[in-house]
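Structure, as structure tokens:
The values are calculated or read from the model by the stated rules, or taken from the named source; none is laboratory data. Keep in mind that what you see is a predicted model, and the values were worked out from it rather than measured. FYI the Cβ positions are ideal-geometry reconstructions off the backbone, even for glycines, and counts take in every protein chain you see.
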Amino acid sequence: LKERIKAKTGNIESFIDKQINKNKSKERKLLDELDKAGQADKYRLYGELLIANNYLEGHKKNISVLNYYTNENVSIPLDERYDIMGNSKLYFKKYQKAKNAISHINEQLTIIKDELDYFNLLKAQIKVCDLKDALEIQQELIDNHYMILKSKPERLQKTKITSYILPSGHTVLVGKNNIQNDMVTNKMARPSELWFHVKDIPGSHVLLQSSEEATEEEIRACANLAAYFSVARDSSSVPVNYTRAKNIKKIPGHKNCFVQIKGEKTIFIDPDIELINKLELKK
């Protein structure tokens, strides 16, 4: 299946990995710039100390003055072209530039964190999806202007959500990519229905379509689906959050695939594919 996905999508997993590595490289450079900009407070201190000692002679390479915050002498490098007040102004300019840089760098780091979260989510989805789901992920990347294909992408079939029928007769919906998760959570869910998702890691949005109070058996079956269709499928005792669909909200300023929840309960599950295989797939 992985080879078919690779052939049909132009190796989408490799593309996602490149995006992750590119953003990690940007993040490292920005953190290095942030460290350098962290000297802002030192520049402000030098500016203040020079003003307090403006009676001293300037036009030299450095000057030693008392740091009245620590009661220790500090050596301040000077620009020989300027007097003490001229050097003070230079340090305050450096201070302001560094402060502005910190604000800009932090904004860029926030953007890059969102990008990394997004592509790590896609990477997790690719690992548990089938060909149809992978083609939808490819289309999402094209629509969001991340990916440009040399040839026309394969025509997508109408999005169909994977659905299971529990022994109780109730249907469970499982979203396997962002398009499907959006449909499950924001278009198909009724406010009182139970919504499931693994805690704090990428995974499927799972919805129990029932207006009745869920039984423990139904809750465990849905939690098992949420745990299996996540990056934790090979782990044990996986924490799965569940709450009413009305408690799911999109996070402002983030991509639609990220949501916040409230009023959740947590159940721990050992993902079991055999239990899933026993469920009836809804056609």
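Residues that are modelled with pLDDT of 95 or more and among the hydrophobic types (A, V, I, L, M, F, W, C) were ranked within the range 230-247; the one that is farthest from residue 198 (Cα to Cα) is 245.
Pairs linking a residue in the range 149-169 that is closer than 25 Å to residue 11 by Cβ and modelled with pLDDT under 85 to a residue that is of a type in the set (D, E, K, R) and surrounded by 14 or more Cβ atoms within 10 Å (Cβ to Cβ), with Cβ atoms under 7 Å and 6 or more positions apart or on different chains, are 154/8; 156/136; 157/132; 159/136. Here the range 32-87 is the region considered, the condition is being among the β-branched types (Val, Ile, Thr) and under 43 Å from the mean Cα position of the chain (by Cα), and the residue that is surrounded by the fewest Cβ atoms within 10 Å (Cβ to Cβ) is 70. Quick check, is residue 119 surrounded by 13 or more Cβ atoms within 10 Å (Cβ to Cβ), in the same structural domain as residue 18 (by TED's automatic domain parsing) and more than 27 Å from residue 21 (Cβ to Cβ)? When the stated conditions are applied, residue 119 does not pass them. The set of residues in the range 248-270 being surrounded by fewer than 16 Cβ atoms within 10 Å (Cβ to Cβ), of a type outside the set (Asp, Glu) and at pLDDT 90 or above consists of 249, 260, 262, 263, 265, 266, 268.
Yes/no matrix, rows are residues, columns are (1) out of contact with any helix residue (DSSP H, G or I) (no Cβ under 8 Å at 6 or more places or on another chain); (2) under 19 Å from residue 121 (Cα atoms); (3) in the same structural domain as residue 187 (by TED's automatic domain parsing); (4) not basic (Lys, Arg):
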residue	(1), (2), (3), (4)
222	yes, no, yes, yes
230	no, yes, yes, yes
246	yes, no, yes, no
252	yes, yes, yes, yes
255	no, yes, yes, no
259	no, yes, yes, yes
266	yes, no, yes, yes
273	no, no, yes, yes
276	no, no, yes, yes
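Take the conditions (1) out of contact with any strand residue (DSSP E or B) (no Cβ under 8 Å at 6 or more places or on another chain); (2) under 30 Å from residue 30 (Cα atoms); (3) in a helix (DSSP H, G or I); residue 124 misses just one of them, which is (1).
Does residue 214 meet the test of being outside the structural domain of residue 136 (by TED's automatic domain parsing), touching a helix residue (DSSP H, G or I) at 6+ places or on another chain (Cβ under 7 Å) and closer than 19 Å to residue 263 by Cα? In short, no. For the range 176-194, the candidate set comprises residues that are modelled with pLDDT under 95 and assigned to a loop (DSSP other than H, G, I, E, B); within that set, the residue that is farthest from residue 224 (Cα to Cα) is 177. Taking first residues from the range 225-240 that are over 17 Å from residue 264 (Cα atoms) and partners that are of a type in the set (Asp, Glu) and not in a strand (DSSP E or B), the Cβ contacts under 8 Å between residues at least 6 apart in sequence or on separate chains come to 228/272; 236/270; 237/270.
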